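**Q** One structure is given below, represented as structure tokens, and several questions about it will come after.
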Amino acid sequence: MSRPNEYVNLIVGVCDINGLLRGKRLAASSMEKVLKEGIRMPTSSCSVDIWGNDIEDSPLVMASGDQDGICLATSRGAVPLDWSDRPTALIPVTMHDAEGVPYLGDPRNALADVLSKYEQMGLTPVVATELEFYLVDNSGHRPTPPNSRELDFSQNDVLSLDAIADNSKFLDALYDSCMLQDIPADAVISEGGAGQFEVNLNHQDDALKAADDALYFKRAVKGIAQKHGMAATFMAKPYINRAGNGFHMHFSVLDRDGNNVFDDGTEDGSDVMRSAIAGLLSTMEESTLIFAPHYNSYRRFAENTHAPTGISWGYENRTAAIRIPGGPHQARRIEHRVAGGDTNPYLVLAAVLGGALHGIKSKLSAPSPVVGNAYEKSENFIPTNWQAAIDAFCGGKILPTIFSEQMIENLSSCKQQELNQIFRQVTDREFASYLETV
């Protein structure tokens, strides 16, 4: 455990429904007390909208007097934020009620609840994530790629070693920070868009830590980019003619003896794997709001962009929503490719693992895998707009078995409020297009 005198500043944060940390800055001398006793914060802080506004008519606010919950430190303890000007630590916390019961409207607690159902069945998910982001020059009104060589948007930088070399100082600092925070960062590649990168976080058998790592990684990317005179964005589709940012999740499941239940000794994988796939397909429409939580998220779902549009699966097929990668049969796993980089890692992992467990417990049968271009061969499709996704989420039949009533109510109300706010604004493009033409 870190000692208080190692730091000057102390940040305490709970993850809200949008994957942003909300909390307080304290004196470093408060560290031991926070780690042992926790800290009080409003329960409603877990469910504010993307702009930090309370949800209108939420029972957590006026109706209840906006009561405090007890925020207890996670097992991670203090996390160093090495990009800060002064020695600073973050203490991640989760929300509980006055009796110490975890509040299931807290996204991290929601994932922990799903994992407890795996534990009851003697199963352990093994999870890895891949996160994509753009580095941008934030000096202008609209961000552009940071290096002059990359300003030509007619070129792609897929697997470009030059693009990695151009940003080596940033990447070196990012890997140093990941090592300091115990984030298992592995391979980095230059992705499809100019200034876009993907970093893989290695597999681990602690899915809660994997989600923690993804959240802390996103904060590190943004903080280190700012320190290097840039900005970084995980926005799903910052440029309409460039690749979007995804959040891909790989997972397998181990039994009590440490055997991979997706492996049957063949390339096809086991019946249990196909049941998990069936569960994911059956929950995909009602879970889309989690995988695409913002207005911009739906711009990413476009044909022939490696972002899925159909509810389908396939072997070694990156055009499908669910991909079964090749390789040794002992490592048979599922890759879920739907979520954008703008998502909440805890909710994504909870929705994916919860959907897979639904399929396994119900012994569902998966349809035939797609062979070839899934954009042309899929029969069912992901909701194409925000309102459709909100409606599918609210009307979901399986999600209430995965998430608490409180989480479903909080997320649906939050997203409806954000959508309503977006539609109350007239954009510059609208004004210019219609002022004199209609």
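**Q** Filter the range 116-138 for residues that are buried (at least 23 other Cβ atoms within 10 Å of the Cβ) and part of a helix (DSSP H, G or I) and give the result.
**A** none
**Q** Residues in the range 350-359: is at least one touching a Pro at 6+ places or on another chain (Cβ under 7 Å), over 24 Å from residue 20 (Cα atoms) and open to solvent by less than 10 Å² (accessible area, probe 1.4 Å)?
**A** The first filter runs over the range 350-359 and keeps only residues touching a Pro at 6+ places or on another chain (Cβ under 7 Å), leaving 353.
Retained after the next criterion (residues that are over 24 Å from residue 20 (Cα atoms)): none.
No, that holds for no residue.
**Q** Can you name the condition, by its number, that residue 101 falls short on among (1) modelled with pLDDT under 90; (2) more than 24 Å from residue 177 (Cα to Cα)?
**A** (1)
Here is a yes/no grid of residues against (1) of a type outside the set (A, V, I, L, M, F, W, C); (2) touching a Leu at 6+ places or on another chain (Cβ under 7 Å); (3) farther than 23 Å from residue 16 by Cα:
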site	(1), (2), (3)
182	yes, no, no
188	no, yes, yes
194	no, no, yes
208	no, yes, no
221	no, yes, no
229	yes, no, yes
233	yes, no, no
245	yes, no, no
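**Q** Under 8 Å by Cβ, and 6 or more places apart or on different chains, what pairs join a residue from the range 416-438 that is touching a residue at least 12 places away in the same chain (Cβ under 8 Å) with one that is part of a helix (DSSP H, G or I) and open to solvent by 70 Å² or more (accessible area, probe 1.4 Å)?
**A** If the second residue must be part of a helix (DSSP H, G or I) and open to solvent by 70 Å² or more (accessible area, probe 1.4 Å), the pairs left are 418/295; 419/295; 422/295.
**Q** For residue 66, indicate whether it is modelled with pLDDT under 90, on the phi > 0 side of the Ramachandran plot, assigned to a loop (DSSP other than H, G, I, E, B) and surrounded by fewer than 20 Cβ atoms within 10 Å (Cβ to Cβ).
**A** Numbers: modelled with pLDDT under 90: yes; on the phi > 0 side of the Ramachandran plot: yes; assigned to a loop (DSSP other than H, G, I, E, B): yes; surrounded by fewer than 20 Cβ atoms within 10 Å (Cβ to Cβ): yes.
When the stated conditions are applied, residue 66 passes them.
**Q** If you don't mind, there's one more thing I want to ask. Against the definition (more than 22 Å from the chain's Cα centre (by Cα), at pLDDT 95 or above and either under 18 Å from residue 213 (Cα atoms) or of a type in the set (A, V, I, L, M) (or both)), how does residue 121 come out, yes or no?
**A** Numbers: more than 22 Å from the chain's Cα centre (by Cα): yes; at pLDDT 95 or above: yes; either under 18 Å from residue 213 (Cα atoms) or of a type in the set (A, V, I, L, M) (or both): yes.
Here the answer is yes, as residue 121 does meet what is asked.
**Q** Quick one: count up the residues across the range 272-293 that are open to solvent by 30 Å² or more (accessible area, probe 1.4 Å) and within 18 Å of the chain's Cα centre (by Cα).
**A** Initially, the range 272-293 is screened for residues open to solvent by 30 Å² or more (accessible area, probe 1.4 Å), giving 272, 274, 282, 285.
Then keep just the ones that are within 18 Å of the chain's Cα centre (by Cα); that gives 285.
Residues meeting the conditions: 1.
**Q** Please count how many residues of the range 10-63 are more than 17 Å from residue 406 (Cα to Cα), assigned to a strand (DSSP E or B) and open to solvent by 20 Å² or more (accessible area, probe 1.4 Å).
**A** So the answer is 10.
**Q** Has the range 261-271 got any residue that is part of a helix (DSSP H, G or I) and surrounded by fewer than 24 Cβ atoms within 10 Å (Cβ to Cβ)? Give the derivation first.
**A** First, pick out the residues of the range 261-271 that are part of a helix (DSSP H, G or I): 271.
Next, only the ones that are surrounded by fewer than 24 Cβ atoms within 10 Å (Cβ to Cβ) stay: 271.
The answer is yes, given that some residue of the range 261-271 is part of a helix (DSSP H, G or I) and surrounded by fewer than 24 Cβ atoms within 10 Å (Cβ to Cβ).
**Q** Right, another one. Scan 112, 98 and give me the residue that is open to solvent by 30 Å² or more (accessible area, probe 1.4 Å) and free of Cβ contacts under 8 Å to residues at least 60 places away in the same chain. Please lay out each step first, then the result.
**A** Values: 112 fails: free of Cβ contacts under 8 Å to residues at least 60 places away in the same chain.
Going through 112, 98 in turn, the sole match is 98.
**Q** List pairs: first residue in the range 360-382 and on the phi < 0 side of the Ramachandran plot, second residue open to solvent by less than 100 Å² (accessible area, probe 1.4 Å) and basic (Lys, Arg) anywhere in the structure, Cβ distance under 9 angstrom, at least six positions apart or on different chains.
**A** 361/117; 364/274; 365/274; 366/274
Residues checked against (1) in a helix (DSSP H, G or I); (2) of a type in the set (A, V, I, L, M, F, W, C); (3) modelled with pLDDT of 95 or more:
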position	(1), (2), (3)
289	yes, yes, yes
302	no, yes, no
308	no, no, no
318	no, no, no
327	no, no, no
338	no, yes, yes
343	no, no, yes
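**Q** Here's a follow-up. Picking from 374, 392, which residue would you name as being open to solvent by less than 90 Å² (accessible area, probe 1.4 Å), modelled with pLDDT of 95 or more and not charged (D, E, K, R)? Outline the logic, then answer.
**A** Values: 374 fails: modelled with pLDDT of 95 or more.
After ruling out the rest, the residue left standing is 392.
**Q** Which condition from (1) charged (D, E, K, R); (2) part of a helix (DSSP H, G or I); (3) free of Cβ contacts under 8 Å to residues at least 12 places away in the same chain is the one that residue 257 breaks?
**A** (2)
The values are calculated or read from the model by the stated rules, or taken from the named source; none is laboratory data. This one's a predicted model, so the numbers in the text were calculated from it and none came from an experiment. Heads up, the Cβs are rebuilt from the backbone with ideal geometry, glycines too, and the neighbour counts pull from every protein chain shown. Calculation scope for accessible area: heavy atoms of the full protein, side chains included, ligands and nucleic acids excluded. Shrake-Rupley method; radii C 1.70, N 1.55, O 1.52, S 1.80 Å.
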